[in-house]
Structures are given as C-alpha cells and as structure tokens.
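The values are calculated or read from the model by the stated rules, or taken from the named source; none is laboratory data. Everything numeric in this text was worked out from a predicted model, so none of it was measured. Virtual Cβ from ideal backbone geometry, glycine too; neighbours counted across all protein chains shown.
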C-alpha cells in the first residue's frame, strides 16, 4: 500500500488520477473479468492506491484519518451537473451507535474527513471509459455539520425508541439511513425491540452531493477529463437557505423552514400577492 506523509501528499497523488479512465487505472482486470460488482471504488483502492479491499471500521488512510470514496456525477439535459446517486458511508450498528455521542460515533470516526474522487458517468459509455473528473478532501463546514448532527440524532433517537425497523431516508435532510444489503432484505437485531430491522448505512443524500458537486466541479473540469471543448453553459449558483450559523443552535432545520411560512398563514390571495410583490 502506498504511504502518504500528510493530507496534501495524499490529495496531490489523488489528483494525478484526474482525466484517467477506470480502464487506464485497472491493473487486475476487475472490469474485464466483471469482478467490480461491488463498486468501481474497488479498482481505485486496489489498483491506484495499492491496498487490499476491506471493510475495516477505521478510515482507509488510518494514519491520516481519511476515508476514500469514489462516486459518479452526470450531466443533465439542461447542461447542469448533478450527483448521480447518494454517497453510501458505513453500516449502522444498532447495538452500539446509540451508546455514542455524535463525535464518538462510528459515522464521525469513519467519515469526518473524506477523500472523494468523482467520475463522469454517461449511459452510452462502458465502465472502463468513465474518467475521473475531480478529487477533493471534504470537510463538513459548520452550517452543514449542524444539520448533519440533527439528522444523526433523529436516526439514533429512533434506535433508542426501538424503532430501527421504521427508519426511513425521509426522516432526515442531509444524512440518511439507506438500506444496505442483498435486495435490501438483510436484517439485523436492534437493542430495544425483538423486531428485526433492515440493515442500513449512513449516507449523504443525493441532494447534498449535488450541491457539493455544483460547488466544486466546473465545466472546465469536465472538458479536461473528456477532451471535449469547454461548454458555454454556465452552472447556476444557489443561495443558502440559512445564512446565519447561530439559527440552528436554537431550533432544528425543519422547524426553521416551517417558521419561514408563519407570516403567510391566513393571508388572502391579494394579500399574498402584495406581500410577495408578484406582478
């Protein structure tokens, strides 16, 4: 396994993969022999970074405390870039996760810092043609972290109430609890109820990943990776719903969003038009 002195050293090496395809990187013919069903990330782990595929509880780069994730992006018909899917993280252990605080949790210990390598997916390409577009070291900023802490607490609260079998991705905003296992039928015991619960993993939702992608990936990145001309379409930028970190110290994200509609309750149509300055 290749060793890295520090985080900058790791990121510099990861960036050397940008514009390479999985066919360029694969040294063990995983794609050719159809042995990459577990994810193209296995090719990056094995052939690029040179370490054995594992399911360790610790981060992939243990000495740096950084977990490796490889995930696809795609281009929409309107020219926008989007995350193709959620980013699946570590399995939730119902028996132990509820015993932890957020900062001692398996989620935080495994995913506080991520090396994310994005590749471009197109439906008419074969897997060996997908190129690596961008590599970043990802840290949660304080605003996102406040919402993610609230999401983690919602998940753990259900476990504590013996309702792990009722967990749903719809419960939370950024950090989800996605089913994980063969046909989503893998079951696990939970500590406060005899009912078996579906095996789930923490995940960063597709909407969160799309916002991240649009923040850090440009059309020039795509052009470099695909050897195509720079697209003229500009990526849209979005204003954050919450512009003050202190807001979430006193209420949940959900409560804040609902509160924004309070002043519109019971208004007539004409009053609403006037208030919203609709012409």
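Does residue 118 satisfy being surrounded by 19 or more Cβ atoms within 10 Å (Cβ to Cβ), in a helix (DSSP H, G or I), modelled with pLDDT of 95 or more and under 14 Å from the mean Cα position of the chain (by Cα)?
no
Return the residues of region 89-111 that are closer than 26 Å to residue 48 by Cβ and surrounded by fewer than 17 Cβ atoms within 10 Å (Cβ to Cβ); say none if nothing qualifies.
109
How about region 63-88: which of its residues are closer than 18 Å to residue 139 by Cβ and surrounded by fewer than 16 Cβ atoms within 10 Å (Cβ to Cβ)?
Hits for region 63-88 are 63, 65.
Condition check: more than 30 Å from residue 191 (Cβ to Cβ) and touching a residue at least 40 places away in the same chain (Cβ under 8 Å). Does residue 87 satisfy that?
So residue 87 fails the test.
Looking at region 80-94, which of its residues are under 18 Å from residue 199 (Cα atoms) and touching a helix residue (DSSP H, G or I) at 6+ places or on another chain (Cβ under 9 Å)?
Hits for region 80-94 are 86, 87, 89, 90, 91, 92, 93, 94.
Can you run down the residue pairs with Cβ atoms below 7 Å, 6 or more apart or on separate chains, where the first is in region 6-17 and under 15 Å from residue 138 (Cβ atoms) and the partner is surrounded by fewer than 15 Cβ atoms within 10 Å (Cβ to Cβ) and modelled with pLDDT of 95 or more?
Qualifying pairs under 7 Å: none.
Pick from region 170-206 the residues that are out of contact with any strand residue (DSSP E or B) (no Cβ under 9 Å at 6 or more places or on another chain) and closer than 30 Å to residue 143 by Cα: which of them is surrounded by the most Cβ atoms within 10 Å (Cβ to Cβ)?
For region 170-206, the residue satisfying everything is 172.
Of all residues in region 159-169, how many are under 26 Å from residue 212 (Cβ atoms), over 16 Å from the mean Cα position of the chain (by Cα) and surrounded by fewer than 21 Cβ atoms within 10 Å (Cβ to Cβ)? Write out each step before concluding.
Taking region 159-169 as the starting set, the residues that turn out to be under 26 Å from residue 212 (Cβ atoms) are 167-169.
If we keep only those that are over 16 Å from the mean Cα position of the chain (by Cα) too, we end up with 167-168.
Cutting the leftovers down to surrounded by fewer than 21 Cβ atoms within 10 Å (Cβ to Cβ) gives us 168.
So the answer is 1.
Of (1) at pLDDT 90 or above; (2) over 18 Å from residue 122 (Cα atoms); (3) crowded, with 16+ Cβ neighbours inside 10 Å, residue 59 satisfies all except one. Which?
It fails just one condition, (1).
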